[in-house]
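Below you'll find the structure, written out as C-alpha cells, and then a few comments.
Bear in mind that the values in this text are calculations on the coordinates, not laboratory data. Remember, it's a predicted structure, so these values are computed and weren't measured experimentally. Here the Cβ positions follow ideal geometry from the backbone for every residue, glycine too, while neighbour counts run over all protein chains shown.
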C-alpha cells in the first residue's frame, strides 16, 4: 500500500509532464518545480516493489523513477571551461535579488551587495522606502546610473549600474514592471533585462504564462550580448520558462554544472530552499566565470551573484544616451 501511495502521484506528475500538462494546475506546477526531488521517492517505491515481489508496482515505479531522473538530469547542466582573459573584455559581476516587499531589514542584504562589489545590481520587490534606505546606507552610492520603477507593491523593480546605461525603458507587463537597458562596456553594448513575474497561483497562472511569453517574444528581437535576470517564479522544468532556454539563451547555473542550485524558499525553517525560481540567463557570447547564491536574510529568496564576461566579437556600442532615472 505504501508503495502505491508513493507511486501513483509520482506517475501522474510524470504523465502530466510528458503530455505538457504540468502547468494545468497549481499542484502540478509545484510538482514540476520539485522535479529533482521526485526521483528518490520513486526509487524507494521501486525498492518496495522488488522487496515484496510485486511486479506491477515495480514496473510502474521504475517508469516513474526513470522519467523524473531523466528530467532532473537534463537541468543539471555541465561545467563549461571558464573563458580566459585573453581575447575577452573585463568580467562583470551581477547581483540579482528578490528582496521581499515590505522587508524592513534590508540592511543585511545591503551588506551582501557591498561585500559582493558588483558592477550591476538588479533588485525585485523593491519599494521606495527600501531603495531610500539603501541609498542612505551608502550601498548604492557607487552606482551612478539607475533605472527604477519603485512601487508600494511587490511589482517594484530597480537596476543600478557602475557602468553607463543607455536606451533604458521600463515596461508594464500584465501589472509587473520589466526593465530593459543597454549597458555600455567600453565600446561594447550589453542588453540587460530585469524581470519579475507573478507567482502562478489561482487566476495568476494565466498572467504568469503571458509574462513569460512576453519575455520570450522580446528577446527574439535582440541581437548581441544579452542577459535576462530576476525572479521568474519558475524553474527549467516548467514549459513556459523552458522556452526561454534555447540556442540564444542559457542558464548561468547550468553553464557551471550547478543547475540543481536552489534559491526559494529560504525562510521556511526547518525546510531548506527547494527550488530555483531566480535565474541569470545569458546569450552564447557571454561567458560565465562563476555563479553562486547569497544568504538573502530578511527575504524569502536567496540572491544570485554571477561573474560574467563578454567574449570577443561583442557588438560595439553606437550613440550614448545615458540614463540616470
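Quick notes on this one:
- The angle separating the long axis of helix 35-51 from the principal Cα axis of greatest extent in the chain is about 10 degrees.
- Relative contact order (%) - criterion: Cα under 8 Å, at least six apart; region: the chain: 20 percent
- 111, 217, 293 arranged by Cβ crowding within 10 Å, fewest neighbours leading: 217, 111, 293
- Segment 136-233 shape via C-alpha gyration tensor axes, a/c threshold 1.5: oblate
- Between the labelled values (1) 20.8, 72; (2) 20.0, 62; (3) 21.6, 86, the entry that holds Rg and Dmax of the Cα atoms in Å as derived from this structure is (1).
- Taking 33, 186, 298 in turn, the Gaussian network model of the chain (Cα-Cα springs below 10 Å) assigns the largest fluctuation to 186.
- Counting 0.36 nm for each residue step from residue 285 to residue 76 and taking away their Cα separation leaves a gain of 73.1 nm.
- Every helix of 4 or more DSSP H residues in the chain counts as -39500 (n - 2.57), and over all residues that averages to -10000 deg cm²/dmol at 222 nm.
- Applying 1/(1 + (r/R0)^6) with r as the Cβ-Cβ distance of residue 55 and residue 242 and R0 = 30 angstrom yields a FRET efficiency of 0.30.
- Label-to-label distance, nm, for residues given as residue 8 and residue 271 (7 Å Cα→Cβ offset): 2.3 nm
- Relative to the longest principal axis of the Cα atoms of the chain, the long axis of helix 204-220 makes an angle of roughly 60 degrees.
- Whole-Å distance, taken between Cα centres, linking segment 143-194 and segment 29-56: 44 Å
- Rel. contact order, % - alpha carbon contacts under 8 angstrom, at least six apart, segment 78-228: 15 percent
- Packing-based exposure ordering (other Cβ within 10 Å, fewest first) of 243, 207: 243, 207
- In segment 2-74, Cα pairs under 8 Å separated by at least six residues give a relative contact order of 39 percent.
- For segment 87-177: rounded, prolate or oblate by the Cα gyration tensor [a/c cutoff 1.5]: oblate
- With Cα atoms as the point set, the radius of gyration and Dmax of segment 181-294 evaluate to 14.6, 49 Å.
- For 266, 289, order by how many other beta-carbon atoms lie within 10 Å, fewest first: 289, 266
- Residue of 269, 260, 160 that the Gaussian network model of the chain assigns the largest fluctuation, springs spanning Cα pairs under 10 Å: 269
- Shape of segment 2-74, Cα gyration tensor, a/c cut at 1.5: prolate
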